[in-house]
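Shown next, in structure tokens, is the structure this report addresses.
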Amino acid sequence: MTENTIAYRFIDSDDLLQQHCKHWLTCDVLALDTEFIRVDTYYPKAALIQIQDDQGCWLIDPLKINNWNAFKEVLQADNVLKVLHACSEDLEVFSNLTGALPQPMMDTQTALAFLGETLSVGYQRMVENWLSISLQKEETRSDWLQRPLTHSQCAYAAADVYYLYQIWPKIEQKLQEQQRESWCRQECAQIIRLAKQIPDDEFYFLRVKQAWKLNQEQLAVLQVLAAWREQEVRQRNIPRGRLLSDNLLWLIALKLPANRMELSRIEGIRHSTIKKDGDDVLELVDIARNRAQAVWPDSLPSPIGHPYRDWSKAMKKTVREIAEANNLPPELLIKKRQMEQVLNRAIRGELNVIPDEWKGWRETLVGEPLIKLLDKLQGQ
């Protein structure tokens with residue numbers, strides 16, 4: 001069977017959706033996926049929701065649905081396991097449509113990492129590896145908001161859950177054989193917890209590359225501008241770069257413009273941005289600079305200087321060794337951003353407990369060894 005021969009049926013009314021949700025509440029497992037467009041908006045525009053159950057493949061047209069309450073109940077049903085692949089953006093779609101996230105949830109991309117794969121196995125590769133089926137990729141960049149959808153689009157979308165439903169029991173069995181199912185469940189539960197968290201805009205500035213090159217005054221400006229930018233792009237529903245990119249935030253913080261003329265001299269800033277938001281940007285720069293120095297952010301350690309460079313190498317070496325010993329990808333053990341944040345705190349002498357992100361299955365495996373390593377490095 002190829003994707004062009006997979007049978008699928010549409011759900012394009014509130015009544016139909018409610019009827020099928022009654023059945024889905026009785027299912028043990030559902031395979032879920034979404035198609036969306038995210039070109040000129042901050043939030044993804046839902047274009048299609050795919051579901052594979054024990055009876056077939058269903059394509060929900062979100063452009064025709066007004067009442068998501070029944071589907072929200074399915075997403076939150078404790079007795080129904082929701083299986084997705086590379087779920088991060090799908091979670092945004094579900095959250096924006098229904099106000100709920102799928103739980104309990106298992107992400108097969110994460111599950112494969114616990115079986116020794118990388119943390120970035122694509123869906124086509126997974127299907128080929130587990131079912132020896134090669135899928136077409138022609139519709140990846142299709143216009144999913146067009147109506148009517150073509151048969152090729154629908155077949156492509158249906159395949160995303162049809163094969164996922166078949167592969168999941170095989171992956172689940174392997175996880176159980178290697179005694180890593182509980183680890184995977186903990187990790188996927190944490191993915192959901194993190195997706196539920198309200199963004200902490202005050203700390204976005206730490207994600208800006210080269211922030212470490214700024215002094216405390218400049219960092220204070222970057223912090224305020226980044227927080228403002230995050231709030232504005234969500235409210236306006238536009239991409240970050242449409243307002244101010246991370247690099248422009250950094251340049252403004254570096255230059256500290258005091259008027260529109262100085263702001264306009266910053267390379268890359270658009271005239272339309274200065275016209276619409278220039279006064280707000282300048283006011284924020286002034287507010288940040290005039291705050292008490294006691295509330296300015298601490299300077300960030302240089303990633304190319306001592307002790308950051310040496311400590312980072314030591315941490316990465318420890319993570320690699322643990323990963324190799326347990327046949328796990330290093331990026332699954334510790335995310336790069338988490339390591340950077342912990343390292344910054346350790347260098348400032350503020351790290352004395354295992355971070356929440358390192359608890360659960362990670363705690364004894366890698367969390368405690370890294371904390372011991374940092375304690376040792378601090379004592380040298």
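The values are calculated or read from the model by the stated rules, or taken from the named source; none is laboratory data. Source: prediction; values computed, not measured. All Cβ positions, glycine included, derive from the backbone under ideal geometry; neighbour counts span all protein chains shown.
Where helices (runs of 4 or more DSSP H) fall entirely within the range 94-193, none has at least 3 residues that are without any contact (Cβ under 8 Å) to a residue 12 or more places away in the chain, touching a Gly at 6+ places or on another chain (Cβ under 7 Å) and among the acidic types (Asp, Glu).
Criterion first (assigned by TED's automatic domain parsing to the domain that holds Trp358, in contact (Cβ under 8 Å) with a residue 40 or more places away in the chain, touching a Leu at 6+ places or on another chain (Cβ under 9 Å) and in a loop (DSSP other than H, G, I, E, B)) does Leu328 satisfy it?
Numbers: assigned by TED's automatic domain parsing to the domain that holds Trp358: yes; in contact (Cβ under 8 Å) with a residue 40 or more places away in the chain: yes; touching a Leu at 6+ places or on another chain (Cβ under 9 Å): yes; in a loop (DSSP other than H, G, I, E, B): yes.
Judged against the criteria, Leu328 is a match.
When Asn4 is tested against the conditions (1) modelled with pLDDT of 95 or more; (2) more than 27 Å from the chain's Cα centre (by Cα), the lone failure is (1).
Among residues that are surrounded by fewer than 20 Cβ atoms within 10 Å (Cβ to Cβ), in the same structural domain as Gln146 (by TED's automatic domain parsing) and out of contact with any Lys or Arg (no Cβ under 7 Å at 6 or more places or on another chain), Asp78 is included.
So is Gln210 in contact (Cβ under 8 Å) with a residue 24 or more places away in the chain, surrounded by 20 or more Cβ atoms within 10 Å (Cβ to Cβ), out of contact with any Ser or Thr (no Cβ under 9 Å at 6 or more places or on another chain) and assigned by TED's automatic domain parsing to the domain that holds Leu248 or not?
no
Being assigned to a helix (DSSP H, G or I), touching a residue at least 24 places away in the same chain (Cβ under 8 Å) and under 25 Å from the mean Cα position of the chain (by Cα) is the filter here; which residues of the range 358-377 pass it?
Of the range 358-377, the ones assigned to a helix (DSSP H, G or I) are 358, 362-377.
Checking the rest, the ones that are also touching a residue at least 24 places away in the same chain (Cβ under 8 Å) come to 358, 362, 365-366, 369-370, 373-374, 377.
Passing the criteria: Trp358, Arg362, Leu365, Val366, Leu370.
If you scan the range 274-292, which residues turn out to be surrounded by fewer than 12 Cβ atoms within 10 Å (Cβ to Cβ) and under 18 Å from Leu214 (Cα atoms)? Within the range 274-292, Asn290, Ala292 qualify.
Mind listing whichever residues of the range 181-200 are surrounded by fewer than 16 Cβ atoms within 10 Å (Cβ to Cβ), charged (D, E, K, R) and either within 19 Å of Val295 (Cβ to Cβ) or more than 12 Å from the chain's Cα centre (by Cα) (or both)? Correct list: Asp200 only.
Answer yes or no as to whether Lys64 is surrounded by fewer than 20 Cβ atoms within 10 Å (Cβ to Cβ) and touching a Gly at 6+ places or on another chain (Cβ under 7 Å).
On the way: surrounded by fewer than 20 Cβ atoms within 10 Å (Cβ to Cβ): yes; touching a Gly at 6+ places or on another chain (Cβ under 7 Å): no.
No; evaluated as a whole, the condition is false for this residue.
Looking only at the range 58-75, filter to residues that are in contact (Cβ under 8 Å) with a residue 40 or more places away in the chain and either part of a helix (DSSP H, G or I) or not assigned by TED's automatic domain parsing to the domain that holds Gly122 (or both); which one of those is farthest from Ala189 (Cα to Cα)? In this case the residue turns out to be Ala70. Here the range 236-273 is the region considered, the condition is being more than 21 Å from Val208 (Cα to Cα) and outside any loop (DSSP other than H, G, I, E, B), and the residue that is nearest to the chain's Cα centre (by Cα) is Arg236.
Being in a strand (DSSP E or B), among the hydroxyl-bearing types (Ser, Thr, Tyr) and either assigned by TED's automatic domain parsing to the domain that holds Asn67 or exposed (fewer than 13 other Cβ atoms within 10 Å of the Cβ) (or both): is that true of Thr34 here? Taking the combined requirement at face value, the residue satisfies it. Examine the range 12-31 for a residue that is in a loop (DSSP other than H, G, I, E, B), in contact with a strand residue (DSSP E or B) (Cβ under 9 Å, 6 or more places away or on another chain), small (Gly, Ala, Ser) and surrounded by fewer than 19 Cβ atoms within 10 Å (Cβ to Cβ), and state whether such a residue exists. No, that holds for no residue. In the range 37-56, the residue that is nearest to Met106 (Cα to Cα) out of those that are among the β-branched types (Val, Ile, Thr) and surrounded by fewer than 17 Cβ atoms within 10 Å (Cβ to Cβ) is Ile37.
For (1) of a type in the set (D, E, K, R); (2) modelled with pLDDT of 95 or more; (3) within 23 Å of the chain's Cα centre (by Cα); (4) not assigned by TED's automatic domain parsing to the domain that holds Met105, each residue gets a yes or a no:
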| position | (1), (2), (3), (4) |
| --- | --- |
| Leu135 | no, no, no, no |
| Arg141 | yes, no, yes, no |
| Leu149 | no, yes, no, no |
| Ala157 | no, yes, yes, no |
| Asp160 | yes, yes, yes, no |
| Tyr163 | no, yes, no, no |
